[in-house]
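Heads up, the thing below is written out as structure tokens.
The values are calculated or read from the model by the stated rules, or taken from the named source; none is laboratory data. These numbers were taken from a predicted model, which means no experiment stands behind them. For neighbour counting, all protein chains shown are included, and Cβ atoms are generated from backbone atoms with ideal geometry for every residue, glycine included. Protein only, heavy atoms only, side chains kept; ligands, DNA and RNA dropped before computing areas. Shrake-Rupley method; radii C 1.70, N 1.55, O 1.52, S 1.80 Å.
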Amino acid sequence: MKKILIVDDLHPAFKEQAVAMGYQVDDEPLITRQQTLDKIKDYTGIAVRTKFRIDEEIFAAATNLKFVARAGAGLDNIDDKIAFERNIELINAPEGNCDAVGEHATGLLLSLMNNFRKADIEIRNGVWDREGNRGYELKGKKVGIIGYGFMGQSFAKKLTGFEVDVMAYDKYKTGFSDAFAREVSMEEIVKYSDVLSLHIPLTTETRQMVDDEYFFHFKKPIFFINTARGEIVNTTAVLNAIKNGKILGAGLDVLQTEKFPALGEQPWYDELRHNNQVVLTPHVGGWTFDSYRKISEVLAEKLRNI
């Protein structure tokens, strides 16, 4: 019988629809990695969110595995090379949380441009500083988007009512200009952008792609948003760019090191947490109450095609 092991917290919609398709589904969100290794040989599919990496060890134990369902947008916690070699299908659900990411990126941007974090802290501490918290308007600004997949497109759509000029660069796509963004070169991004937002996957090519040299090429001070993957960006480079005026404010939903205690042990953490030009959120851009269900529904729909 076709069997799926759910090892993470997924909305019940995935299990319900998989069962309706004839699968036996064991929903074990509290299962450990070792327990998974011990029993994964009995399953044709595994569904995971972020609990652990589906790597060579897991694949070696999963002798009957036919697919991995990733409840999220990226596939960076799955060894796709081994999956390809073993003809194991990978399905994910960027359609399920792209709206959440687009809205979150917009929220970070508005917060930065209007000093929401700084103003809120000051008022709570008895400081009323109107001049020091004057903001910028989005209207008329040029927004640069790196990566024009589901996430980049969603962010562009959310910006429609702000009367901005949305430019998008995607190394792997051409001819994608639409009603929400126009395709441009990277040269145009660095020359004209007032805002830069990342919407690209983590790969060997993009890991630590955004460093000191990357920011050096921008001609104007920018507001910088990262809701993609933290490992794409060198955090020290962001802090350096803030100090030298290249970045006016940074909204970071993801960091190159996440979760405590590891995050608190990073040499740049103290400077980051005390910087009023940075707004931080704990990798929740694509994780809303709404996307929780939509991700499972998208996964289940893709399961029908396997």
ask   = Among the numbered criteria (1) assigned to a helix (DSSP H, G or I); (2) of a type in the set (A, V, I, L, M, F, W, C); (3) over 20 Å from the mean Cα position of the chain (by Cα), which single criterion is violated by Leu272?
value = (3)
query = Given the structure, is Ile31 over 24 Å from the mean Cα position of the chain (by Cα), assigned to a loop (DSSP other than H, G, I, E, B) and farther than 22 Å from Gly96 by Cβ?
reply = yes
request  = Please enumerate the residues belonging to the range 82-118 that are closer than 30 Å to Ile58 by Cβ and either modelled with pLDDT under 95 or among the small types (Gly, Ala, Ser) (or both).
outcome  = Ala83, Ala93, Gly96, Ala100
query = Quick one: what pairs do we get from the range 269-298, first residue more than 27 Å from Gly249 (Cβ to Cβ), second open to solvent by 60 Å² or more (accessible area, probe 1.4 Å) and modelled with pLDDT of 95 or more, C-beta under 6 Å, 6+ apart or different chains?
reply = Val298/Glu95
task = Quick one: in the range 192-209, of everything that is of a type in the set (Ser, Thr, Tyr) and assigned to a loop (DSSP other than H, G, I, E, B), which residue is least open to solvent (accessible area, probe 1.4 Å)?
result = Ser193
request  = Please find, among Asp55, Asp26, the residue that is free of Cβ contacts under 8 Å to residues at least 40 places away in the same chain, surrounded by 14 or more Cβ atoms within 10 Å (Cβ to Cβ) and either within 23 Å of Arg293 (Cβ to Cβ) or in contact with an Asp or Glu (Cβ under 7 Å, 6 or more places away or on another chain) (or both).
outcome  = Asp26
note = Scanning the range 126-176 residue by residue, those among the polar types (S, T, N, Q), open to solvent by less than 70 Å² (accessible area, probe 1.4 Å) and out of contact with any Phe, Trp or Tyr (no Cβ under 8 Å at 6 or more places or on another chain) turn out to be Asn133, Ser154
query = Can Arg70 be described as out of contact with any Gly (no Cβ under 9 Å at 6 or more places or on another chain), of a type in the set (D, E, K, R), closer than 30 Å to His283 by Cα and open to solvent by less than 50 Å² (accessible area, probe 1.4 Å)?
reply = yes
